[in-house]
Every structure is written in C-alpha cells, then in structure tokens.
Amino acid sequence: GAGVSQSPSNKVTEKGKDVELRCDPISGHTALYWYRQSLGQGLEFLIYFQGNSAPDKSGLPSDRFSAERTGGSVSTLTIQRTQQEDSAVYLCASSLAPLGTGAEKLFFGSGTQLSVL
Amino acid sequence: AQSVAQPEDQVNVAEGNPLTVKCTYSVSGNPYLFWYVQYPNRGLQFLLKYITGDNLVKGSYGFEAEFNKSQTSFHLKKPSALVSDSALYFCAVRARNAGNMLTFGGGTRLMVKP
C-alpha cells in the first residue's frame with residue numbers, strides 16, 4: 001500500500017473487554033514496530049518484528065498484551081482484559097530493513113485511539 | 001538504559017524568526033539520533049537523522065540539527081519559521097548496540113504565530 005494502515009482509527013471499549021488492533025505495513029517492509037503514545041507522554045516502545053525472527057517483546061507492559069505478525073505482513077496487537085490505563089494512541093511503524101543497516105527511517109501509521117471506559 | 005529529554009513542552013515563535021527545539025540524550029556509547037514530526041491528525045513523519053560524520057545534519061522542510069557530543073544534545077533548528085511548521089516534534093535515540101529499540105522523548109509542541 002501507499003502507507004502504513006491501521007484499523008480501527010478509534011476504539012471505545014469497556015473495562016475488562018479484549019481488543020484487537022490491526023496494522024498493515026508498507027508492502028515489502030520487513031520490520032514492524034508497535035508504540036504507545038499516552039496523553040502528554042512520549043512514545044513507548046511495545047514490540048518489534050523482523051522477518052521470521054522471534055519478536056522483541058521487551059516493551060510489552062504486561063502479559064495482557066500480545067502481538068502477532070502473520071506471513072511477515074499484517075500485525076495484530078491484542079490487549080486482554082483492558083484497563084483504563086491502557087487508554088492511549090497505539091502507533092504502528094514499518095521500515096524497509098532493521099535499524100542499524102542504514103535504512104533507519106520508520107514510517108508510521110495514523111494510529112488507533114483506544115479509550116477504555 | 002537509553003533516554004531522551006525534551007525540556008520544553010511547548011515552544012512559541014513568530015513567523016519568520018529562527019526556532020530551536022531542544023533535545024538531550026543519554027546512551028551508552030555512540031548514538032543514532034532522529035527527529036520526527038507529528039502534524040495534527042497525521043502520523044509521525046521522519047525529519048532527519050544523525051548516524052555518523054558531519055555534526056550538522058540537514059533534513060526535510062528546511063530543518064537542521066546539530067549533534068553535540070560533549071553536551072549530549074541534538075537540538076532541532078530552522079532559520080525562519082513558518083506557520084505550517086506548527087506541530088509536535090519528537091527527538092529519538094538509539095545506541096549502536098541497543099538492538100532495534102528506538103527511545104523517544106516526550107515531545108515538544110511548536111506553535112508558530114503569524
């Protein structure tokens with residue numbers, strides 16, 4: 001596609017419900033990242049996928065958070081038993097190659113605004 | 001651990017005046033440094049990066065940034081601000097041995113007034 005696509009753009013859910021957020025990276029981009037942007041905060045790294053390698057999950061805040069990437073393309077971030085503190089904008093980014101190879105530029109989607117009531 | 005500080009939540013400048021958005025970082029070893037911009041209702045966009053070489057880096061839309069190793073800073077600058085530069089600016093750092101995690105600062109909102 002022309003850019004990184006995320007859906008839904010907005011999601012309102014009740015505390016305790018599960019949510020799934022989708023990211024469709026730029027075609028051909030091997031690296032995919034999830035970040036979280038809370039109000040008044042910077043971007044918090046969540047998880048990173050590179051090709052068929054095991055993902056770097058070091059940023060996931062709790063075991064309620066998980067993510068998968070199917071076929072090296074589309075990724076889904078799942079939050080189970082949502083809490084109010086999960087409310088944030090969830091951003092997905094992709095890049096042509098892993099950081100450190102010279103292709104350092106990340107392309108971001110417009111994000112999913114998650115509101116947990 | 002690596003970190004980024006953007007000490008100003010908001011910077012106000014008049015159109016046509018020079019602007020500076022400050023960024024300092026903490027990292028083990030040599031850093032990779034980046035600036036990203038987030039315009040209203042749009043995703044983050046890459047502005048510029050410092051990898052190695054010349055300390056003055058030029059990027060998109062007339063922006064530039066200067067890497068200062070002794071002060072561990074990477075301030076974003078532009079000689080003449082435009083109203084259309086009003087946006088949220090994020091500085092980011094990654095240590096050369098830090099895998100793939102890019103650490104972002106808290107962001108600085110730039111307001112350029114006519």
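Scanning region A:86-112 for residues that are away from chain B (no Cβ under 11 Å) and outside any loop (DSSP other than H, G, I, E, B), which turns out modelled with the lowest pLDDT? Top of the filtered list is A:94. Take the conditions (1) more than 11 Å from the chain's Cα centre (by Cα); (2) under 16 Å from residue B:104 (Cα atoms); residue A:73 misses just one of them, which is (2). The listed residues are B:84, B:26, B:80, B:70, and the only one of them that is out of contact with any strand residue (DSSP E or B) (no Cβ under 9 Å at 6 or more places or on another chain), modelled with pLDDT of 90 or more and not aromatic (Phe, Trp, Tyr) turns out to be B:70. Of all the numbered requirements in (1) surrounded by fewer than 20 Cβ atoms within 10 Å (Cβ to Cβ); (2) in contact (Cβ under 8 Å) with a residue 60 or more places away in the chain, residue A:55 misses one, and that requirement is (2).
Considering region B:1-54, and only residues there that are more than 17 Å from residue B:102 (Cα to Cα) and among the small types (Gly, Ala, Ser), the residue that is surrounded by the fewest Cβ atoms within 10 Å (Cβ to Cβ) turns out to be B:53.
Counted as qualifying within region B:1-69 are the strands (runs of 3 or more DSSP E) with 3 or more residues that are away from chain A (no Cβ under 12 Å), hydrophobic (A, V, I, L, M, F, W, C) and touching a residue at least 12 places away in the same chain (Cβ under 8 Å), namely B:10-14. Scanning region A:26-48 turns up no residue that is within 14 Å of chain B (Cβ to nearest Cβ), of a type in the set (S, T, N, Q) and within 15 Å of residue B:94 (Cβ to Cβ).
Could you list, in sequence order, all residues of region B:75-114 that are more than 14 Å from chain A (Cβ to nearest Cβ) and touching a Cys at 6+ places or on another chain (Cβ under 8 Å)? Please lay out each step first, then the result.
So in region B:75-114, the residues more than 14 Å from chain A (Cβ to nearest Cβ) come out as B:75-86, B:110-114.
Residues satisfying the conditions are B:75, B:76.
Please go through region B:60-78 and give me each residue that is surrounded by 20 or more Cβ atoms within 10 Å (Cβ to Cβ) and under 13 Å from residue B:20 (Cα atoms), ordered by number. Once the filter is applied, which keeps residues that are surrounded by 20 or more Cβ atoms within 10 Å (Cβ to Cβ) and under 13 Å from residue B:20 (Cα atoms), region B:60-78 yields B:63, B:65, B:74, B:76, B:78.
The values are calculated or read from the model by the stated rules, or taken from the named source; none is laboratory data. A quick note: this is a predicted structure, and the numbers were derived from the prediction, not measured. Positions of Cβ are generated from backbone atoms using ideal geometry, with glycine treated the same way; all protein chains shown enter the neighbour counts.
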